[in-house]
Amino acid sequence: MILLLGGTTEGKQVAGYLDEAGLDYLYSTRTAVKFEGKGIYRYGSLDEEGLKAFCRLNSVSLIINACHPFALALHNTVAALADQIPVIRFERVFPERTIGPLVHYADNFAGALMRIKNLDYRSMLALTGVQSIPMLSSFWQSYPCWFRILDRQYSIDLAAGYGFPATQLLFGLTQDMEEEIELFRRINPQVILTKESGFNGKLDAKIKAALSCGIPIFIIKKPELSPLFHRVHHIDDLINQLKTGNL
């Protein structure tokens, strides 16, 4: 049995291929999502022991990790099993890092926040998701800050639980460059913070829009993943891995 860890565009792509190939699989996400594939769907967080038990119960012989690049806790949990169960990491494609005076990369949120404060920026547009709200609390409790989050009740409730003002929430997904420019000009923050989310996360559009508006943009680098993962970036590469069993 294949365990597909999804909740992303990549997860849907892999599920579509597995459906076409007639392969049995389990599709797992952290929170409930609408899933129309042929696999068996489940949702909920799994720690290391929970994942081990789940794989044992369902005779999982292969894990395809297609979850978000910043789902670090899950990546680490899967890595703990990678010497026992083969893991294919189906990873989105990332643009080359942009070099320029307005583009800054940071290893983590703490590092980005320190540099933003040292440069004395006093308003921020955060495109880093609802779960990053507590990581940036020392900034938004002192200065104007806007967070763009998904327009769903789970995210709204989470933001409220963090104590973030509802009037400073923006809803929706990343748009194309022109729409991002419109948003950036309307909010007019002194700095923008985002994550290295790849082409599927439209990182290139965010960077181009920020540069067009002359606004500095800080980018949290994607986490490094386990060397035990077998990495592929395209469906054809995944198909080849599954057919050859070269794991």
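The numbers here are math on the coordinates, done by the rules we state, and not lab data. Since the model is a prediction, treat every value here as computed from it, not as a measurement. Positions of Cβ are backbone-derived with ideal geometry, glycine not excepted, and every protein chain shown enters the neighbour counts.
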Compactness relative to 2.2 N^0.38 Å, alpha carbon Rg of segment 149-247
1.44
Over all directions, the average projected area of the alpha-carbon convex hull for the chain comes to how many nm²?
13.8 nm²
According to the Cα gyration tensor, what semi-axes, each the square root of 5 times an eigenvalue, does the equivalent ellipsoid of segment 1-96 have, listed from largest to smallest in whole Å?
18, 17, 13
At 0.692 mPa s and 37 °C, Stokes D of segment 43-166 from Kirkwood alpha-carbon radius, µm² per second:
187 µm²/s
Neighbour-count ranking for Met135, Met1, Met124 (other C-beta within 10 angstrom, fewest to most) reads Met1, Met135, Met124
Looking at this model, which pairs from Lys12/Lys243; Lys195/Lys243; Lys34/Lys222; Lys117/Lys206; Lys52/Lys202 are more than 30 angstrom apart at the alpha-carbon?
Lys195/Lys243; Lys52/Lys202
Counting only GluC sites (Glu not before Pro) that are in a DSSP loop and have at most 16 other C-beta atoms within 10 Å, tell me the longest site-free stretch of the chain.
97-223
Radius of gyration and Dmax over the Cα atoms of segment 107-192, both given in Å
12.6, 35
